[in-house]
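*Asks:* Here you go, one structure.
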Amino acid sequence: MTSNAQKKSFHKPKLWHCYNSRSLRVLWAMEELGIGYELETMPFPPRYTVDGYKELNNLGTVPYFVDGDIHMTESVAICHYLGDKYQNEDIAESIVISTSEPDYGNYLNWLYHSDATLTFPQTLVLRYREFSAIDCQQGQTADDYEKWFAARLIRLDEHLSTHEYLCENRFTMADIAIGFALHLATLLKLDHNLSRQIADYLDKLRQRPAFLRAQTLGKEFDPFTR
Ligand SMILES: N[C@@H](CCC(=O)N[C@@H](CS)C(=O)NCC(=O)O)C(=O)O
């Protein structure tokens, strides 16, 4: 499918992706929007596994995203950008919250919350537990940040006790941003910190056809099955 915004431009956006990394947010978002895109799937971490990757993206991280002259490296910002730029008018329910809708501020808050509050502590668990060096002495750091992550779920848990989705009672980019943070928690074996309603919300998101399509791409490089 090609969106109206895309029909007007000559290029397709391109994403550099590692399976089950933050670039999944971007891939999932493009699948939800139904836009055409180019995709480069890579083993993790690409700054070691892909020759010349740091010349392309000097951070060495994923996602890396190019759309014409725009080069982006922040997964949530890319979802925000894609929604605003490529929202297809044919989609019955917008997956973007506009400035004129009551939940606009909440929408931005959930988008930022997904990384600044939820994946931040998980990154320490990833670094010092899941992908730690054999002689790593930082097990306590990982344990402490797991507790931090668990405590920071309170806002989401309370919200989901009265809402099916995060904003305006419909699926939006905010659910993609937060949904990835919860998906990562399961990969890091932190599921026992998710309440029943958070786990049910994540299950519902992971059953979406766009999520399932995104999860077929680059699976041969899944870093969590090594
Ligand atoms: N804030 C960035 C973080 C990007 C990031 O750190 N990505 C991780 C994967 S989830 C990465 O590329 N790590 C490999 C490395 O640092 O070499 C975002 O949300 O996209």
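*Asks:* Using beta carbons and a limit of 6 Å, which pairs, at least six apart or on different chains, have the first residue in segment 45-63 and under 24 Å from residue 115 (Cα atoms) and touching a residue at least 12 places away in the same chain (Cβ under 8 Å) and the second one more than 7 Å from the ligand (Cβ to nearest atom) and open to solvent by 40 Å² or more (accessible area, probe 1.4 Å)?
*Replies:* Here the result reads 47/54; 60/54, each pair linking segment 45-63 to a residue that is more than 7 Å from the ligand (Cβ to nearest atom) and open to solvent by 40 Å² or more (accessible area, probe 1.4 Å).
*Asks:* Residues that are open to solvent by 70 Å² or more (accessible area, probe 1.4 Å), in contact with a Lys or Arg (Cβ under 7 Å, 6 or more places away or on another chain) and within 12 Å of the ligand (Cβ to nearest atom): find the strands (runs of 3 or more DSSP E) completely inside segment 35-113 holding 3 or more of those. Explain how you work it out, then say what you get.
*Replies:* Numbers: elements: 38-41, 64-67, 70-72.
Qualifying strands (runs of 3 or more DSSP E): none found.
*Asks:* Would you check if residue 216 is outside any helix (DSSP H, G or I) and within 23 Å of residue 17 (Cβ to Cβ)? If you could, list the steps in order and put the result at the bottom.
*Replies:* On the way: outside any helix (DSSP H, G or I): yes; within 23 Å of residue 17 (Cβ to Cβ): yes.
For residue 216, the condition - outside any helix (DSSP H, G or I) and within 23 Å of residue 17 (Cβ to Cβ) - is met.
The values are calculated or read from the model by the stated rules, or taken from the named source; none is laboratory data. It should be emphasised that the depicted structure is a prediction, and the values quoted were computed from it without experimental measurement. A quick note on method: Cβ atoms are made from the backbone with ideal geometry, for glycine too, and the neighbour counts reach across all protein chains shown. What goes into the accessible areas is simple: the full protein's heavy atoms, side chains included, and nothing from ligands, DNA or RNA. Shrake-Rupley method; radii C 1.70, N 1.55, O 1.52, S 1.80 Å.
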